[in-house]
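Student: This is the structure I want to talk about, given as structure tokens.
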């Protein structure tokens with residue numbers, strides 16, 4: 001796959017798929033990608049590992065036999081979302097593009113370099 005110039009990034013985890021939605025055109029976030037895709041945009045191993053660990057926390061609460069009941073234990077979502085906000089701010093500074101964090105229980109947050 002040819003590399004593209006990253007214009008925007010949206011960390012928005014979903015069950016059983018990659019948590020990142022990169023956009024390199026006017027197209028609205030054409031598809032999701034795994035954390036390792038960040039390396040193609042210039043991120044080193046530390047931010048890739050941090051995003052992977054953050055997504056692993058999300059995937060760990062997934063109940064494949066009852067997806068509708070999949071949720072963080074009480075009090076665990078907000079700290080997880082705060083770690084996501086810290087990662088989003090870090091990625092915006094590192095990659096020099098707007099990063100829009102989306103989680104299920106909070107409004108979208110936009111971070112700029």
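Student: Label points 7 Å out from Cα along the Cβ direction at residue 113 and residue 61: separation in nm?
Tutor: Each label point lies 7 Å from its Cα, and together they span 3.3 nm.
Student: Would you kindly state how much longer the chain becomes between residue 89 and residue 104 on full extension, computed as 0.36 nm times their sequence separation minus their alpha carbon distance, in nm to one decimal?
Tutor: Answer, rounded to one decimal: 3.5 nm.
Student: Could you order peptides 57-63, 9-15 by the average number of other Cβ atoms within 10 Å of their residues, highest first?
Tutor: Sorting 57-63, 9-15 by mean packing, highest first, produces 9-15, 57-63.
Student: Taking the 0 to 90 degree range and rounding to the nearest ten, how far is the long axis of helix 45-60 tilted relative to the main principal axis of the chain, both from C-alpha atoms?
Tutor: 30 degrees
Student: Can you work out D for segment 63-113 in µm² s⁻¹ from Stokes-Einstein, where Rh is the Kirkwood radius over C-alpha pairs, the temperature is 4 °C and the viscosity is 1.567 mPa s?
Tutor: In µm²/s, the coefficient rounds to 107.
Student: So, one more: Can you give the relative contact order of segment 8-111 as a percent, counting alpha carbon pairs under 8 Å and 6+ residues apart?
Tutor: 28 percent
Student: Can you give the Rg to Rh ratio for the chain, taking only C-alpha atoms and Rh from Kirkwood?
Tutor: Rg divided by Rh gives 0.96.
Student: Under 11 Å from a point 7 Å along the Cα-to-Cβ line of residue 16: which residues of segment 48-84 have their amide N that close?
Tutor: 63-67
Student: Specify the angular offset, from 0 to 90 degrees and rounded to the nearest 10, of the alpha carbon long axis of helix 77-95 from the longest principal axis of the alpha carbons in the chain.
Tutor: Between the helix axis and the principal axis of the chain, the angle is about 10 degrees.
Student: Within segment 91-111, whose backbone N sits under 20 Å from a point 7 Å along Cα→Cβ of residue 71?
Tutor: 102-108
Student: Under a GNM of the chain (C-alpha, springs under 10 Å), which listed residue has the highest mean-square fluctuation: 46, 55, 78?
Tutor: Result: 46 has the largest fluctuation of those listed.
Values in this text are rule-based calculations from the coordinates and carry no lab data. Because the structure is predicted, anything quoted here is derived from the model rather than measured. Cβ sites come from the backbone with ideal geometry, for glycine too, and all protein chains shown count toward neighbours.
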